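Here the structure is laid out as structure tokens; the discussion comes afterwards.
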Amino acid sequence: MTSVREMPLLQDGPPPGGFPPVRCARRIPIKGSNAAAIFLVAFSCGMYQVDQGNRIRRAFNAARRAILPMLQAEKMKGKLIHQVYKLDTTREGVEEEARIMKDVPGWKVGESVYNSGRWMTPATGELRPDVRRFQDSATMRSM
């Protein structure tokens with residue numbers, strides 16, 4: 001062989017039976033959770049938080065309902081003290097106090113009964129004595 005031109009012509013062709021088909025579709029493998037699972041987890045976490053908030057709110061409301069009679073009594077006491085103060089500062093109030101308290105020895109008309117000038121500890125006692133009495137009577141019945 002002296003030159004390339006003298007070589008036999010060989011051309012590449014397909015293998016016997018042809019080439020395998022070419023995959024041209026986009027087939028991305030699924031990795032991780034699907035959207036429904038993520039939504040379900042997020043929804044469950046949110047509902048848990050809502051439930052915890054409802055429990056705290058219910059506890060606060062129960063405490064508020066428990067002290068409501070005392071709050072109402074304080075409000076009524078404030079109104080009563082305001083009315084008494086208003087009555088004490090008027091002339092008619094002083095005259096009525098003198099008429100009502102005329103038989104009390106050592107009573108000074110127009111003097112404040114709340115400001116004695118010395119510290120007095122607040123009175124403590126049972127707020128609901130009827131509850132204890134009811135529980136004691138229930139235990140006595142069961143014996």
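Per residue of the range 66-82, in order, report the coupling 6.51 cos²θ - 1.76 cosθ + 1.60 (Karplus, θ = phi - 60°) as ³J(HN,Hα) in whole Hz, putting x for Gly and Pro.
Here the 3J(HN,Hα) series is 5, 9, 4, x, 5, 5, 5, 5, 4, 5, 5, 5, x, 5, 5, 4, 5 Hz.
Once you order the gyration tensor axes a ≥ b ≥ c over the Cα atoms, which shape class does the range 4-62 get: rounded for a/c under 1.5, otherwise prolate or oblate by comparing a/b with b/c? Mind showing how you got there, number by number?
On the way: a/c = 13.81, a/b = 7.21, b/c = 1.92.
Judged from the Cα gyration tensor, the range 4-62 comes out prolate (a/c at least 1.5, a/b above b/c).
Per-residue HN-Hα couplings for the range 23-30, Karplus 6.51 cos²θ - 1.76 cosθ + 1.60 at θ = phi - 60°, whole Hz, x for Gly and Pro?
Rounded to whole hertz, the list is 7, 10, 6, 8, 10, 8, x, 7.
Sum up the charges of everything whose Cβ sits under 12 Å from the Cβ of ASP51, counting Lys and Arg as +1 and Asp and Glu as -1, but leave ASP51 out.
Charge balance near ASP51 sits at +3.
Which ³J(HN,Hα) values, rounded to whole Hz and listed in residue order, are derived for the range 40-46 from phi using the Karplus coefficients 6.51, -1.76 and 1.60 in 6.51 cos²θ - 1.76 cosθ + 1.60 with θ = phi - 60°, glycine and proline given as x?
Rounded to whole hertz, the list is 5, 5, 5, 5, 5, 5, x.
Efficiency by 1/(1 + (r/R0)^6): what FRET value for VAL104 and ALA59, r their Cβ-Cβ distance, R0 = 41 Å, to the nearest 0.05?
On the way: r = 48 Å, r/R0 = 1.18.
That pair, VAL104 with ALA59, gives E of 0.25.
Based on the mean of other Cβ atoms within 10 Å per residue, sort peptides 94-104, 9-19 so the most packed one is first. Before the final figure, lay out each step's value.
Details: 94-104: 11.3, 9-19: 5.9.
By packing density, highest mean first, the sequence is 94-104, 9-19.
Since every read-out is calculated from the coordinates, none of them should be taken as a lab result. For clarity, every value in this text was computed on a predicted model and none was experimentally measured. Ideal geometry is used to build each Cβ from the backbone, glycine not excepted, and the neighbour counts take in all protein chains shown.
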